[in-house]
Amino acid sequence: IVDSDTMVKWDAPNVFDLVTDGVYGVNDLCDMNWLFQSIGQRQRLYPNIELDLMKYLNAGVLFFTNDVLPTFKNLLDFYKENRSEIDEIRGGGKEQTLLNFQFVKDNVKVNLLSPEWNLLSIHRKNMFIGNWQLNNDTTPYFIKYSNVWHFTGFPIEDRIKIMSEVWEMIKQNYE
C-alpha cells in the first residue's frame with residue numbers, strides 16, 4: 001500500500017526481497033501529540049488491546065504478505081459495525097490507528113523497516129536541502145538517503161506544490 005502523497009525513488013531496491021511474513025512498515029512517532037490523541041480517541045473501540053508505540057506503523061506505506069489480507073477485511077467489517085462511533089471521532093487521522101489496533105488484535109507480525117522506506121516529515125528533518133557547502137553535489141538529502149518520500153505534515157496546498165517541484169526535478173530519471 002502506498003499513499004498518493006508519496007513518491008518512490010527511481011532506483012529503489014526491491015523491498016519485496018525483504019518481505020517474508022507479516023506486515024512491514026516504518027514506525028511513526030513524528031508527532032507524539034497527534035499519536036496520543038489518536039490512540040486515546042480510539043482506545044475505547046479496542047478496550048483490551050494495548051499498542052506498543054515502538055511498533056506503531058505509518059499506514060501510508062505498508063508492505064505485507066498474503067497472510068495479512070484477512071486483517072484488512074476484519075478492519076472493514078469492524079468499521080461497518082462501528083461506523084457511527086468511528087465517524088464521530090475528530091482529529092487523529094482516520095484509518096492508521098485503527099489499523100494498528102487491528103494488527104495487534106489479529107496477532108499480525110509487525111516488522112519494522114528503516115525510515116528510508118517511508119521518509120516522513122521531510123521538512124521537519126530539514127531534508128529538502130542538500131550539502132550546499134560542498135558545491136559539487138547539492139542533491140537534497142531526502143533523495144540521497146531514502147527510497148520512498150512521504151510528503152506529510154504540511155497543508156495540502158503546500159504538498160501539491162512541493163510534490164510538483166520535486167517531480168520537475170527528478171522526472172527525467174523515470175523516462
### Task
Check off (1) touching a Phe, Trp or Tyr at 6+ places or on another chain (Cβ under 8 Å); (2) open to solvent by 10 Å² or more (accessible area, probe 1.4 Å); (3) within 30 Å of Lys144 (Cβ to Cβ); (4) modelled with pLDDT of 95 or more for Gly93 and give me the number that stays unchecked.
(4)
### Message
When the residues of segment 125-157 are narrowed to those that are of a type in the set (D, E, K, R) and modelled with pLDDT under 90, which ends up least open to solvent (accessible area, probe 1.4 Å)?
### Response
Asp137
### Message
I'd like to check something: does segment 50-70 contain any residue that is aromatic (Phe, Trp, Tyr), open to solvent by less than 20 Å² (accessible area, probe 1.4 Å) and more than 19 Å from the chain's Cα centre (by Cα)?
### Response
no
### Query
Are any residues in segment 20-40 open to solvent by less than 10 Å² (accessible area, probe 1.4 Å) and part of a loop (DSSP other than H, G, I, E, B), and if so, which ones?
Gly22, Val26
### Query
Which residue pairs have Cβ atoms closer than 8 Å, lie 6 or more positions apart in sequence or on different chains, and pair a first residue in segment 2-27 that is over 23 Å from Ser121 (Cα atoms) with a second residue that is among the charged types (D, E, K, R) and open to solvent by 20 Å² or more (accessible area, probe 1.4 Å)?
Asp21/Asp67; Asp21/Lys109; Gly22/Asp67; Gly22/Lys109
### Message
Given the criterion more than 24 Å from Phe36 (Cβ to Cβ) and touching a Ser or Thr at 6+ places or on another chain (Cβ under 6 Å), identify the matching residue among Glu116, Glu168.
### Response
Glu116
### Message
Suppose we keep only residues that are farther than 19 Å from Val26 by Cβ and not acidic (Asp, Glu) within segment 96-124. Which one would you say is surrounded by the fewest Cβ atoms within 10 Å (Cβ to Cβ)?
### Response
Asn107
### Message
Residue under question is Glu85, and the condition is that it be among the charged types (D, E, K, R), open to solvent by 90 Å² or more (accessible area, probe 1.4 Å) and farther than 25 Å from Phe16 by Cα; does it hold?
### Response
no
## Note on the structure
Taking segment 141-163 and keeping residues more than 30 Å from Gly91 (Cβ to Cβ), touching a residue at least 24 places away in the same chain (Cβ under 8 Å) and out of contact with any helix residue (DSSP H, G or I) (no Cβ under 6 Å at 6 or more places or on another chain) leaves Ile143, Tyr145
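The values are calculated or read from the model by the stated rules, or taken from the named source; none is laboratory data. Just so you know, these numbers come straight off a predicted model, no measurement behind them. So basically every Cβ, Gly included, is an ideal-geometry build from the backbone, and we count neighbours across all protein chains shown. For accessibility, only protein heavy atoms count, side chains too; no ligands or nucleic acids. Shrake-Rupley method; radii C 1.70, N 1.55, O 1.52, S 1.80 Å.
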